[in-house]
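Worksheet: one structure, shown below.
The values are calculated or read from the model by the stated rules, or taken from the named source; none is laboratory data. Bear in mind that the values here come from a model prediction, so they are computed numbers and not experimental data. Quick reminder, even Gly has a Cβ in these numbers, built from the backbone with ideal geometry, and neighbours come from all protein chains shown. Keep in mind that these areas ignore ligands, DNA and RNA; they rest on the heavy atoms of the full protein, side chains included. Shrake-Rupley method; radii C 1.70, N 1.55, O 1.52, S 1.80 Å.
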Amino acid sequence: GQAPRLPGWDGPRPPAGLKAERVVNWQPIRHTGRWEGSVWQTVYAGMQERGFAQLPDEEWNRAFMRKLGECERMGGDRAKQAAQRVLRGPAAFAADLRHAQLVRLGCSHVAHLHWVVGASSSSAPGQPAAVEATPLPEEVLDALLGLLSAADGQERKLREADQAGSGACESEELLRQLSHRGQFQLLKRYVADALHAERFGAEAKMLMGYLKLAVSVAKGIVASSTLPLFLEGVLLLGNYVNASSRTLGSAVGVTLDSLAKLAHTKCLPGNSTDRSSAVLGNEESALSLLVRQLSERHGPAFLDTLLEDLGNCGPASEMDVTSAKEAVQALAGNVASISKHFVS
């Protein structure tokens, strides 16, 4: 038989005489097998049952639509502009996205960015005057770094297009302005250093918190009176059980991961003296047996004291030592890079 087809869309459409000037660059699902059983089928069924939500499509008309005659005239202009673009594909998309972020943050012209890219020696008529040289926020620096990265190595082509008098899209116009302030590689280094300086305080504070936690845990373990007794018991019990094993027996130390293995080592069925485990039908583990024996030997406060001594080990265990080391090295590298600006 014929394969099932997807239902058609019968939702609201633009009125006659209007045409969209924009497109939503999504990827529609066209295969029934992917659509059936998905959340989209549920959403569609709900719209069919309840009717379409009454959203203000008049605002959509103002935001995205033009009259058909205007679209035809502007369509030729857009095609001409697209042919004149220097950046293509993903680079053009990334540049437009980063430029939109800068515009949203109030930085639509190079004069707004001179704190990090330097002030121009002259300004052309109609250009905004450079704003006061105050540090730019992190969002602006991050968007600017992304814009420069999207056009890396394209300075010459951007300037040539400028000299040819070609009309430029807004993102490439800003890039052309920036190209007159220096090579993008150099500007990227300035912006990256400024971004590192902006983020340094928060990154250093977070790293310091991790290090203080690790030091606190280490001090607690060194000063603990119960942990040595517990580890001694681990060696005693473990070597006793592993006495007949050449590879596992006669150990004088084990990895921290090995301590968890005690919890998975069960006592023989019916031989546990732990009444609570017997009542529940669970066999006692080597870990619970050892802790019970240590508590009987050293007093009922032993376990509470041990847990208190190890209180910070849980949060500290989530710390990645390798990542922390790399973070310290990265911060040191950023400081060294920034310091070059003060000695050069």
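Please find, within region 276-296, the residue that is modelled with the lowest pLDDT out of those that are charged (D, E, K, R) and more than 24 Å from S224 (Cα to Cα).
Among those residues, the one meeting the criterion is E283.
Scan region 82-100 and give yes if some residue there is surrounded by 13 or more Cβ atoms within 10 Å (Cβ to Cβ), at pLDDT below 75 and not in a loop (DSSP other than H, G, I, E, B), otherwise no.
yes
What residue, among those in region 37-51 that are among the hydrophobic types (A, V, I, L, M, F, W, C) and open to solvent by 60 Å² or more (accessible area, probe 1.4 Å), is modelled with the lowest pLDDT?
Looking at residues that are among the hydrophobic types (A, V, I, L, M, F, W, C) and open to solvent by 60 Å² or more (accessible area, probe 1.4 Å), I get V39.
Give region 240-263 a look and list any residue that's closer than 13 Å to L287 by Cα and either open to solvent by 70 Å² or more (accessible area, probe 1.4 Å) or at pLDDT 80 or above (or both), or say none.
The answer is V241, K261, L262, A263.
Only one of (1) in contact with a helix residue (DSSP H, G or I) (Cβ under 9 Å, 6 or more places away or on another chain); (2) open to solvent by less than 50 Å² (accessible area, probe 1.4 Å); (3) under 20 Å from S288 (Cα atoms) fails for V217. Which number is that?
(3)
Out of region 335-344, which residues are surrounded by 10 or more Cβ atoms within 10 Å (Cβ to Cβ) and modelled with pLDDT under 70?
S337, I338, S339, K340, H341
So how many residues does region 57-76 have that are at pLDDT below 75 and open to solvent by less than 70 Å² (accessible area, probe 1.4 Å)?
Matching residues across region 57-76 total 8.
Is it the case that some residue within region 179-190 is modelled with pLDDT under 90, assigned to a helix (DSSP H, G or I), open to solvent by 40 Å² or more (accessible area, probe 1.4 Å) and polar (S, T, N, Q)?
yes
Only one of (1) surrounded by 13 or more Cβ atoms within 10 Å (Cβ to Cβ); (2) at pLDDT 85 or above fails for A16. Which number is that?
Of everything listed in (1) surrounded by 13 or more Cβ atoms within 10 Å (Cβ to Cβ); (2) at pLDDT 85 or above, A16 misses just condition (1).
Which residue out of L229, L211, L237 is assigned to a helix (DSSP H, G or I), touching a residue at least 12 places away in the same chain (Cβ under 8 Å) and open to solvent by less than 50 Å² (accessible area, probe 1.4 Å)?
L237
Just wondering, is there one or more residues in region 138-148 that are modelled with pLDDT of 75 or more, assigned to a helix (DSSP H, G or I) and among the β-branched types (V, I, T)?
The answer is yes, given that some residue of region 138-148 is modelled with pLDDT of 75 or more, assigned to a helix (DSSP H, G or I) and among the β-branched types (V, I, T).
Counting just the residues of region 297-324 that are among the charged types (D, E, K, R) and either modelled with pLDDT of 75 or more or farther than 21 Å from V217 by Cβ (or both), which one comes out farthest from the chain's Cα centre (by Cα)?
R297
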